[in-house]
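Accompanying notes for the structure given below.
The values are calculated or read from the model by the stated rules, or taken from the named source; none is laboratory data. Treat the numbers as computed from the prediction; the structure is a model and nothing was measured. Quick reminder, even Gly has a Cβ in these numbers, built from the backbone with ideal geometry, and neighbours come from all protein chains shown.
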Amino acid sequence: MSTDIRSDIEGMKAEVQRIGFIFAMRAEGQGLIDRLGLTEQGRLDPDLPACWVSGRVEGGSSGRDLEVAIVFAGEDPYHGCDRIGTLPATMAAYLLCRRFRPDLLVNAGTCGGFQREGASIGAVYVGGGDFLFHDRRIPLPEFEAFGIGRIPAIVDEPMRMALGAESGIISTGDSFAPTAEEQSFFERERVTCKEMEAASLASLSRDLGVHFLAVKAVTDLVDHPEPEASAFARNLNRVSQILVERLINLLEWMKVRE
Ligand code: ADE
């Protein structure tokens, strides 16, 4: 199964004309909306806060046009914050895939990085190896592997280079603060990026047969004495700008006909 998926990447660029982005937070994605001049499209479902924007990126004389959409899970009306985490992201991405029908879904955003794997603040990674879940501990024989996920990532080298990103293992969980057990998991699995959505979106994309890419920029270091939350708050805006520049590079590369 995973071999088939990996070989699918051959010629993926030629197949991709409609690109859907999903960001967990507005602060991470607003810069890309502004740069591309995309138009607000409102809610994807009248009963959910998930909202999207879309538009066309002109190819110019040497390229082809791309259709681009960005979806957010939206603001939680009860708590007044972005609906981060796997469940809202998966629902929003599902709605976007059904409405917009992307050829490629890109989960872009920020993450906690691990210094021991070479991460530093502002570094950008594309998900490599397998996507993991670090908080789905199910010690029952037939469910254990399902809990961890191990959803194969597709790393297209030319695409990675166009992004200016390193490849790293991404692990997903619904908590920002890790437990001691999760810390051992990160070390054992050589995780480089810890975040809260990618593996669930990789799983959805596999089910829907949509190409998937996770691009994550490091706002804080998990294996560093400074608390993750304070580094995250301090670096969020600056690192989100770095991320937007890399995503623009990706779109520029996508536009060029081979
Ligand atoms: N997003 C940014 N930093 C993160 C962290 N340390 N953990 C989970 N998600 C994050």
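What the table below lists for this structure:
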read-out: Only one of 161, 254, 196 that is surrounded by 15 or more Cβ atoms within 10 Å (Cβ to Cβ) and more than 20 Å from residue 24 (Cα to Cα); value: 254
read-out: For residue 155: the one exception among (1) surrounded by fewer than 19 Cβ atoms within 10 Å (Cβ to Cβ); (2) within 10 Å of the ligand (Cβ to nearest atom); (3) farther than 19 Å from residue 120 by Cα; value: (2)
read-out: Residues of segment 89-118 classified as part of a helix (DSSP H, G or I) and touching a residue at least 60 places away in the same chain (Cβ under 8 Å), total; value: 11
read-out: Qualifying positions in segment 131-167 - of a type in the set (Lys, Arg) and not in a strand (DSSP E or B); value: 136, 137, 160
read-out: Output for segment 141-162, where each listed residue is hydrophobic (A, V, I, L, M, F, W, C), at pLDDT 95 or above and within 20 Å of residue 109 (Cβ to Cβ); value: 151, 153
read-out: So residue 139, is it more than 19 Å from the chain's Cα centre (by Cα) and either at positive phi or more than 16 Å from the ligand (Cβ to nearest atom) (or both); value: yes
read-out: Matching residues in segment 141-159 - criterion: being over 18 Å from residue 247 (Cα atoms) and acidic (Asp, Glu); value: 142, 144
read-out: Tally of residues being under 15 Å from the mean Cα position of the chain (by Cα) and under 17 Å from residue 253 (Cα atoms) across segment 160-179; value: 4
read-out: Residue in segment 90-104 that is out of contact with any strand residue (DSSP E or B) (no Cβ under 9 Å at 6 or more places or on another chain), surrounded by fewer than 16 Cβ atoms within 10 Å (Cβ to Cβ) and either over 14 Å from residue 24 (Cα atoms) or not acidic (Asp, Glu) (or both) present; value: yes
read-out: Selection from segment 160-185 of residues that are more than 22 Å from residue 244 (Cβ to Cβ) and among the small types (Gly, Ala, Ser); value: 171, 173, 175, 177, 180, 184
read-out: Matching residues, segment 14-65, being of a type in the set (Lys, Arg) and either buried (at least 20 other Cβ atoms within 10 Å of the Cβ) or at pLDDT 95 or above (or both); value: 18, 26, 35, 43, 56
read-out: Some residue of segment 66-79 being within 14 Å of the ligand (Cβ to nearest atom), outside any loop (DSSP other than H, G, I, E, B) and of a type in the set (Asp, Glu); value: no
read-out: Qualifying residue in segment 198-207 (condition: modelled with pLDDT of 95 or more, within 18 Å of residue 121 (Cα to Cα) and touching a Phe, Trp or Tyr at 6+ places or on another chain (Cβ under 9 Å)); value: no
read-out: Residue that is nearest to the chain's Cα centre (by Cα), among those in segment 216-238 that are buried (at least 23 other Cβ atoms within 10 Å of the Cβ) and within 23 Å of residue 35 (Cα to Cα); value: 216
read-out: Output for segment 66-81, where each listed residue is surrounded by fewer than 13 Cβ atoms within 10 Å (Cβ to Cβ) and on the phi > 0 side of the Ramachandran plot; value: 80
